[in-house]
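Heads up, the thing below is written out as structure tokens.
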Amino acid sequence: MRANENFLKLEGSYLFSTVARKQREYQEKHPDKEVIRLSIGDVTKPLAPAVIEAMHKAVDEMAHEESFRGYPPEHGFDFLVDAIHRHDYEERGLDIAKDEIFVSDGAKSDCGNIGDIFGEGNTIAICDPVYPVYLDSNIMSGRTDIIYLPCRAENGFMPQLPEKKADIIYLCFPNNPIGVAASREQLKVWVDYANENGSLILYDSAYEAFVTDGSVKSIYEVEGARTCAIEFRSFSKTAGFTGVRCGYTVVPKALQFGDVNLNAVWGRRQATKFNGVSYITQRAAEAVYSEEGRRQTEETIAYYRRNARAIFDGLTEAGFKCYGAVNSPYVWLTVPDGMTSWEFFDDLLEKCQVVGTPGSGFGSCGEGYLRLTGFGNYEKTLEAIDRIKRVYSK
Ligand code: MLT
């Protein structure tokens with residue numbers, strides 16, 4: 001037996017596991033200190049009342065033979081697929097069919113699993129810095145021909161088209177970790193490139209709920225995307241489902257590469273390896289689209305936005321150069337001169353008991369930056385800003 005040796009090519013530990021371990025070790029040494037966690041983009045507000053109500057009702061249905069449900073349908077229950085289709089695509093005038101939507105347990109799993117349907121020898125283009133799942137999942141599958149697309153302040157953190165041909169291109173907007181959103185014109189360049197070169201775009205739209213300025217929420221807003229793009233969506237950041245687990249992936253039937261239709265093979269892959277999302281969870285996700293659900297989840301998003309804005313304003317006042325926050329729950333800030341991202345991470349933990357995520361953990365172009373999240377509690381976020389200001393204000 002030979003194990004998958006590609007795993008040896010990965011960093012020893014996943015970024016957020018390393019961050020969590022460092023926090024744990026600090027807390028063990030200093031049990032009296034209150035550590036404020038603004039690191040992983042994990043939500044803190046409870047689920048919307050409309051969602052809780054739908055879950056309770058679904059639990060009760062599972063208690064009776066007449067309303068009990070077993071395995072869910074492969075694409076997801078019709079009630080959820082219909083709601084997604086109507087609210088996220090049809091109402092926005094986007095041409096996506098119901099059988100192009102695949103309900104899943106979240107965007108992270110789908111972003112990793114999608115690699116199953118790609119052949120060997122593809123060249124992969126990935127932004128730098130980037131959500132680590134894209135890179136790690138390709139390395140695990142032995143795809144090591146990677147083009148890094150630097151996203152730097154000088155180019156507005158927007159990737160430029162690669163010189164060498166890329167077969168598969170990962171894009172995430174609003175972007176994680178930097179927090180910048182993309183316009184239709186900016187994405188059109190990528191859609192045209194992909195269509196001209198027979199490439200595929202994997203578009204992660206997990207943060208679309210945070211768009212405030214008319215930037216793109218769905219890649220299908222861009223003309224031509226149906227023939228070159230898969231889109232990943234999540235209820236995690238939109239509706240606080242990080243622990244509940246539900247998302248969906250859109251694979252248009254127009255995605256034909258040689259003899260292979262990606263919609264058909266992704267359906268085949270899911271039917272074999274995935275048994276769907278629980279009825280209770282799908283009813284919860286459906287409730288996000290109800291009138292009450294929409295109003296309540298929007299209130300929570302506004303709460304997180306206010307946190308991100310407070311971090312942005314507070315730290316800008318303290319002399320940090322900050323990015324993000326406008327269309328994103330994340331603030332991306334430059335670390336003090338002479339420090340690396342990890343050094344600042346340690347310093348911040350030591351002196352302020354605040355945990356961030358070091359920019360270099362997202363890629364080499366993230367060196368010199370730190371990411372803070374707006375997903376925390378508002379009062380604690382203000383406390384963290386105060387502590388940082390006291391120590392680092394210029
Ligand atoms: C992040 O902090 O980047 C995200 O929460 C990670 C994730 O969504 O898996």
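The values are calculated or read from the model by the stated rules, or taken from the named source; none is laboratory data. Only a predicted model underlies this, so the values are computations on that prediction, with no experimental measurement involved. Heads up, the Cβs are rebuilt from the backbone with ideal geometry, glycines too, and the neighbour counts pull from every protein chain shown. Accessible surface is based on the protein model in full, side chains and every heavy atom, while ligands, DNA and RNA are left aside. Shrake-Rupley method; radii C 1.70, N 1.55, O 1.52, S 1.80 Å.
Scanning the stretch 315-348 for residues that are part of a helix (DSSP H, G or I), over 13 Å from Y392 (Cβ atoms) and open to solvent by less than 10 Å² (accessible area, probe 1.4 Å) yields a count of 2. Take the conditions (1) modelled with pLDDT of 95 or more; (2) open to solvent by 20 Å² or more (accessible area, probe 1.4 Å); T373 misses just one of them, which is (2).
Listed here are the residues, each with its yes/no results for (1) buried (at least 19 other Cβ atoms within 10 Å of the Cβ); (2) closer than 16 Å to L200 by Cα; (3) free of Cβ contacts under 8 Å to residues at least 40 places away in the same chain; (4) more than 16 Å from the ligand (Cβ to nearest atom).
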position	(1), (2), (3), (4)
D95	no, no, no, yes
K98	no, no, yes, yes
N113	no, yes, no, no
I147	no, yes, yes, yes
R152	no, no, no, yes
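If the condition is being under 27 Å from I40 (Cβ atoms), open to solvent by less than 20 Å² (accessible area, probe 1.4 Å) and not β-branched (V, I, T), then the stretch 241-269 contributes F241, C246, G247, Y248.
So, K98, is that one charged (D, E, K, R), closer than 30 Å to F344 by Cβ, at pLDDT 95 or above and in contact with a helix residue (DSSP H, G or I) (Cβ under 6 Å, 6 or more places away or on another chain) or not? Here the answer is no, as K98 does not meet what is asked. Please verify whether the stretch 371-393 includes one or more residues that are among the aromatic types (F, W, Y) and over 21 Å from R24 (Cα atoms). Yes, that holds for at least one residue. Would you confirm whether or not the stretch 210-217 contains a residue that is within 16 Å of the ligand (Cβ to nearest atom) and open to solvent by less than 50 Å² (accessible area, probe 1.4 Å)? Among the residues of the stretch 210-217, at least one is within 16 Å of the ligand (Cβ to nearest atom) and open to solvent by less than 50 Å² (accessible area, probe 1.4 Å), which makes the answer yes.
When residues of the stretch 349-364 are filtered for being within 16 Å of the ligand (Cβ to nearest atom) and assigned to a helix (DSSP H, G or I), how many remain? Matching residues across the stretch 349-364 total 4. When every residue of the stretch 189-199 is checked against the conditions, none turns out to be open to solvent by 10 Å² or more (accessible area, probe 1.4 Å) and over 28 Å from Q256 (Cβ atoms).
Close contacts from the stretch 1-19, counting a first residue that is assigned to a helix (DSSP H, G or I) and a second that is among the aromatic types (F, W, Y), with Cβ to Cβ under 9 Å and a gap of 6+ residues or different chains, come to L15/F362; V19/F345. Against the definition (exposed (fewer than 11 other Cβ atoms within 10 Å of the Cβ), out of contact with any strand residue (DSSP E or B) (no Cβ under 7 Å at 6 or more places or on another chain) and modelled with pLDDT of 95 or more), how does A3 come out, yes or no? Considered against the rule, which asks whether it is exposed (fewer than 11 other Cβ atoms within 10 Å of the Cβ), out of contact with any strand residue (DSSP E or B) (no Cβ under 7 Å at 6 or more places or on another chain) and modelled with pLDDT of 95 or more, A3 comes out as yes.
A single member of R86, R24, R37 is open to solvent by 50 Å² or more (accessible area, probe 1.4 Å), more than 16 Å from the ligand (Cβ to nearest atom) and over 21 Å from G106 (Cα atoms), and it is R24. Checking each residue in the stretch 115-137 for being open to solvent by less than 20 Å² (accessible area, probe 1.4 Å) and away from the ligand (no atom under 13 Å from the Cβ) picks out G115, T123, I124, A125, I126, C127, D128. The residues of the stretch 365-394 that are assigned to a loop (DSSP other than H, G, I, E, B) and within 16 Å of the ligand (Cβ to nearest atom), listed by number, are G374, F375, G376. Pairs meeting the criteria (first residue in the stretch 357-372 and over 11 Å from S39 (Cα atoms), second residue surrounded by fewer than 24 Cβ atoms within 10 Å (Cβ to Cβ) and among the acidic types (D, E), beta carbons under 6 Å, at least 6 apart or on different chains) are S360/E367; G363/D128; C365/D128. Within the stretch 40-52, being within 16 Å of the ligand (Cβ to nearest atom) and out of contact with any Lys or Arg (no Cβ under 8 Å at 6 or more places or on another chain) holds for I40, D42, T44, K45.
Yes or no, residue by residue, for (1) of a type outside the set (V, I, T); (2) open to solvent by less than 40 Å² (accessible area, probe 1.4 Å); (3) farther than 25 Å from Y207 by Cβ:
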residue: S13; (1), (2), (3): yes, no, no
residue: V19; (1), (2), (3): no, yes, no
residue: K45; (1), (2), (3): yes, no, no
residue: I52; (1), (2), (3): no, no, no
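Among the residues of the stretch 231-263, the ones that are charged (D, E, K, R) and either more than 14 Å from the ligand (Cβ to nearest atom) or closer than 14 Å to S199 by Cα (or both) come to 3 in all.
For the stretch 32-51, a residue qualifies if it is touching a residue at least 12 places away in the same chain (Cβ under 8 Å) and either over 18 Å from E379 (Cβ atoms) or of a type in the set (S, T, Y) (or both), and the qualifying residues are S39, I40, G41, T44, L47, A48, P49, A50, V51. Pairs are defined by a Cβ separation below 7 Å, a sequence spacing of at least 6 or placement on different chains, a first member in the stretch 228-244 that is in a loop (DSSP other than H, G, I, E, B), and a second member that is within 12 Å of the ligand (Cβ to nearest atom) and of a type outside the set (A, V, I, L, M, F, W, C); the pairs so defined are F235/G247; T242/D42; T242/S236.
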